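Peer 1: Below is the structure I would like to discuss, written out as structure tokens.
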Amino acid sequence: MNLEKLIPIPTHNDIKSHDDPILFSLIIPTYNEGKNIRNLIEQITQLLEQIIPNEYELIIVDDDSFDRTWEIALELTEEYPCLRVMRREKEKGLSTAVIRGWQVARGEILGVIDADLQHPPETLLNLWKEIQKGADLAVASRNAEGGGVSDWSILRRFLSRGAQTLGLVILPEVIGRVSDPMSGYFLVRRRCLLGCRLSPLGYKILVEVLGRGKIGWIAEVGYVFQERQEGESKVTKKQYIDYIRHLIRLRLSLWQITRFIRFGLVGLSGVFVDMTFLYLLSDPTTLALPLTRSKIIAAELAIINNFLWNDAWTFKDISLKQPGKRKKIKRLIKFNIICLGGLILNVLLLNFFFNVFGLNRYIANLISIALVTVWNYWLNLKLSWRSTEIS
Ligand code: GDD
Ligand code: MN
């Protein structure tokens, strides 16, 4: 056996474009599927030879299965030159396996299918048709017309639906886009994933693709989830926990919580700058300049301070995409205008809470500041650091 034929494992995390592209790459993640892969590879190649002969590759990503799936797969490469094999010894997990596969894939269209024949290979033809019509993503769904599960217990159906409902509550704008977000059988255009950092956890790679990819047109194809004939499912309690952690991580990331916290910290540093300069300029023991003039200078310095930190830290990823001094000055001017608007809003809110609601003035001020921070953050994100990309 020729171990040199194994594909090296990428060490970076991005999906890039390929110098030597082909039409289609299908990833088959495996863990102890030795009894299934020959049958699967045979069926898939037969189907793909009909529609795209010699324009596809199949990539098995095996996590060092103890039934030596990778070895069996490597032997099959003699017979099936379109087959490539990756053996991972250090990393584990279904989603990362799929991503590693996509990273080494050459296809313009990337796909994934389970190795255990629970995903009927014929459905590939329907998925391919949808991609040909122009879909960015074609998902095989148990819940679309013609779809279903073969022989599931009530408990399993309940768990599956429960997981979907939970997803809908936490991530409605992601999970709600497809009828079967748990599907691990789909095709997606590589260009929709370029530049996206996929950081998957556990089992549900489609959730990550929907959440972080630039996916416009989605097509669905019904399929019946088959019973496993050989080997066994790898689903354990851990997968349910990972799924929930995955949803929460994606939620926080889509809300950009880290960014908001940075924005708040920068705001605090601005308060410090403002106070310091107010003291240095207006205090009788220092320069003793008139109060209003001092305050204007101090506030402007704080705004510049905040701008520089936000540009270099909070919104770094966005400002890197808009290089040049001119653009930076433009961002500074917009930032200034929005902050001024924020200041006026702050005064109005403070008066409102203090006079109309009769709140304690400091509490009223705190609430006003919190609200204005959200306003400032949101507007600056959308205007000062507006990126032209689809978000
Ligand atoms: N490389 C790798 N590493 N492959 C894995 C791992 C892993 O840690 N865990 C599972 N796999 C492979 C299996 O060998 C199989 O080919 C595929 O991933 C699916 O695993 P199963 O254990 O058979 O999952 P399932 O049938 O319960 O779950 C399927 O449920 C969905 C429907 O809700 C998922 O696999 C989805 O793809 C499927 O659509
Ligand atoms: Mn399975």
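Peer 1: Lys and Arg at +1, Asp and Glu at -1: add these up for the other residues within a Cβ distance under 14 Å of residue 108 and post the number.
Peer 2: On the way: positive: 16, 106, 189, 190, 191; negative: 19, 20, 55, 57, 136.
So the surrounding residues net to 0.
Peer 1: Only Cα pairs within less than 10 Å get springs; with that Gaussian network setup on the chain, which residue of 185, 377, 362 has the largest fluctuation?
Peer 2: Maximum among the listed residues: 362.
Peer 1: How are the Cα pair distances of region 42-119 distributed, in percent, across 10 Å bins from 0?
Peer 2: Per 10 Å bin, starting at zero, the Cα-Cα P(r) for region 42-119 comes out as 17, 52, 29, 2 percent.
Peer 1: All other residues with a Cβ under 11 Å from the Cβ of residue 315 taken together, and with Lys, Arg as +1 and Asp, Glu as -1, what is their net charge?
Peer 2: Numbers: positive: 259, 262, 316, 321, 331, 386; negative: 311, 317.
My count for the surroundings of residue 315 gives +4.
Peer 1: If you don't mind, there's one more thing I want to ask. Suppose every Lys and Arg Cβ carries +1 and every Asp and Glu Cβ carries -1, with no other charges. What dipole size does region 257-389 come out with about its Cα centre, to the nearest 20 debye? Don't skip to the answer; put the middle values down first.
Peer 2: Numbers: 16 positive and 6 negative charges, 132 e Å.
It comes to approximately 640 debye.
Peer 1: Over all alpha-carbon pairs of region 277-340, lay out the pair-distance distribution in 5 Å bins, whole %, shortest bin first.
Peer 2: Values per bin, smallest distances first: 4, 17, 22, 17, 12, 11, 9, 5, 2, 0.
Peer 1: Something else: What Rg and what Dmax come out for region 257-389 when only alpha-carbon atoms are used, in angstroms?
Peer 2: Here Rg and the maximum Cα pair distance are 16.1, 52 Å.
Peer 1: Oh, and also: Once amide H atoms are built 1.01 Å from N in the peptide plane, which residues 5 or more positions from residue 7, or in another chain, come under 5 Å H to H?
Peer 2: 85, 86, 87
Peer 1: Tell me the carbon and sulfur percent of the accessible area for region 242-350, rounded to whole percent, probe radius 1.4 Å. Don't skip to the end; give the middle numbers.
Peer 2: On the way: 5150 of 6900 Å².
Summing carbon and sulfur atoms, their accessible area is 75 percent of the total for region 242-350.
Peer 1: Okay, moving on. Share of Cα-Cα pairs in region 25-172 beyond 29 Å, in percent? Don't jump to the answer; show the numbers that get you there.
Peer 2: On the way: 2354 of 10878 pairs.
When every Cα pair of region 25-172 is considered, 22 percent fall beyond 29 Å.
Peer 1: Taking every DSSP beta bridge that has both residues in the chain, what percent is antiparallel when rounded to the nearest 5?
Peer 2: Working: 7 of 31 bridges.
Here the share of antiparallel DSSP bridges comes out near 25 percent.
Peer 1: Another question, then. Please compare each pair in 92/204; 204/238; 16/330; 295/328; 92/238; 133/214 to a cut-off of 21 Å on the Cα-Cα distance and tell me which ones are over it.
Peer 2: Numbers: 92/204 14 Å; 204/238 13 Å; 16/330 32 Å; 295/328 25 Å; 92/238 13 Å; 133/214 18 Å.
From the list (92/204; 204/238; 16/330; 295/328; 92/238; 133/214), the Cα-Cα distance tops 21 Å for 16/330; 295/328.
Peer 1: Something else now. When the dipole is taken about the Cα centre of the chain, and only Lys, Arg (+1) and Asp, Glu (-1) are charged at their Cβ, what size is it in debye, to the nearest 20?
Peer 2: Details: 49 positive and 41 negative charges, 502 e Å.
My answer is approximately 2420 debye.
Peer 1: Please identify every one of the GluC sites (Glu not before Pro) in region 194-248 that sits in a loop by DSSP and has no more than 10 other beta carbons within 10 Å of its own beta carbon. Let's see the in-between values first.
Peer 2: On the way: sites: 208, 220, 227, 230, 232; in loops: 227, 230, 232.
Hits after loop and neighbour filter: 232.
Peer 1: Could you tell me what a quarter of the Cα convex hull surface of region 149-252 works out to, in nm² with one decimal place? Provide the component values of the computation, followed by the final result.
Peer 2: Working: hull surface 29.2 nm².
Average projection, Cα convex hull of region 149-252: 7.3 nm².
Peer 1: Now, a different point. Excluding ligands, DNA and RNA, what is the solvent-accessible area per residue of region 178-261 at a probe of 1.4 Å, expressed in Å²? Each step should come with its number before you reach the end.
Peer 2: On the way: 3950 Å² over 84 residues.
I get 47 Å² per residue for this part.
Peer 1: Using only the alpha-carbon atoms, how far is helix 69-79 inclined from the longest principal axis of the chain? Give it as 0 to 90 degrees, nearest 10.
Peer 2: 60 degrees
Peer 1: Stokes-Einstein D for region 1-86 at 4 °C, 1.567 mPa s, Kirkwood Rh over Cα pairs, in µm²/s? Please list the in-between numbers first.
Peer 2: Numbers: Rh = 13.7 Å.
Reported coefficient: 95 µm²/s.
Peer 1: If you bin the C-alpha pair distances of the chain every 20 Å from 0, what whole percents do you get?
Peer 2: 23, 43, 24, 10, 1
Peer 1: Another question about this same structure. Using a 1.4 angstrom probe on the protein heavy atoms only, line up 294, 282 by accessible area, largest first.
Peer 2: Values: 294 0, 282 25 Å².
Result of the area sort, largest leading: 282, 294.
Peer 1: I've got another one for you. For region 155-227, what % of the accessible area comes from carbon and sulfur atoms, probe 1.4 Å? Kindly include the intermediate steps, with their values, before the conclusion.
Peer 2: Numbers: 1770 of 2980 Å².
Answer for region 155-227 is 60 percent, counting heavy atoms of protein chains only.
The values are calculated or read from the model by the stated rules, or taken from the named source; none is laboratory data. This is a predicted model, so every value here is computed, not measured. Backbone-built Cβ (ideal geometry, glycine too); neighbour counts: all protein chains shown. These accessible areas exclude ligands, DNA and RNA; they are computed on the full protein's heavy atoms, side chains included. Shrake-Rupley method; radii C 1.70, N 1.55, O 1.52, S 1.80 Å.
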